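Here's the structure, in structure tokens; my notes come after.
Nothing in this text is a laboratory measurement; each read-out follows from the coordinates by a stated rule. Being a predicted model, the structure only gives us computed values, none of them experimental. Here the Cβ positions follow ideal geometry from the backbone for every residue, glycine too, while neighbour counts run over all protein chains shown.
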Amino acid sequence: MQLSKNKMRTVANLGQHLQFVSDSQDVQAIREHLGEDAGNYDAFFVDVQNGEYVELWGMCGIVPYHSKLTSRLIPAGESEPEHASKTWNVLCLGCEAEYVHIGPEPNTCNACHSTDVETRAI
Ligand SMILES: [Zn+2]
């Protein structure tokens, strides 16, 4: 399993909703969930909802000093939700309509519903 570590934070800056996990059995379970790449972390901060890890931070050492650095761990295939809407310039190759769309990237023309559209974030 590949991990992307796109963020680092100190313990002091982690969200209060996260649960600190340093018990060796629990840590082992999280390591197995993440795969080999997570093996160098000794403790984790987790948010578990419905049995799924929705947020995971790894920490070296088992004492969560406020100044310690943690790394955000995201299992492969998962990505952070994109909250921000984008503005797209849409060109339909079916009806040749060209218009501006705000929101998630469109994949159909809103005039003729053709899927043959070119989009460009603007
Ligand atoms: Zn069209």
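The residues packed around Asn107, meaning those with a beta-carbon under 14 Å from its beta-carbon, carry a net charge of -1 if Lys and Arg are +1 and Asp and Glu are -1.
Taken about its Cα centre, the stretch 3-75 carries a charge dipole of roughly 380 debye when the Cβ of each Lys and Arg holds +1 and the Cβ of each Asp and Glu holds -1. Highest average first, the peptides 40-47, 10-17 ordered by how many other beta carbon atoms sit within 10 Å of their residues are 40-47, 10-17.
Count Lys and Arg as plus one, Asp and Glu as minus one, and take only other residues whose Cβ is under 9 Å from that of Leu18; the net charge is then -2. Between Val48 and Thr10, what is the FRET efficiency for a Förster distance of 22 Å, r being their Cβ-Cβ separation, to the nearest 0.05? Computed FRET efficiency for Val48 and Thr10 comes out at 0.50.
Rg over Rh for the stretch 3-75 works out to 0.91, both radii taken from alpha-carbon positions and Rh defined as the Kirkwood radius. Here the peptides 23-34, 52-63 are ranked by packing, the mean other Cβ count within 10 Å, and the order with the highest first is 52-63, 23-34. Amide H contacts of Ser114 (H built 1.01 Å from N, in plane; Pro and chain starts excluded): Cys109 sit under 5 Å, all sequence-distant by 5 or more or on other chains.
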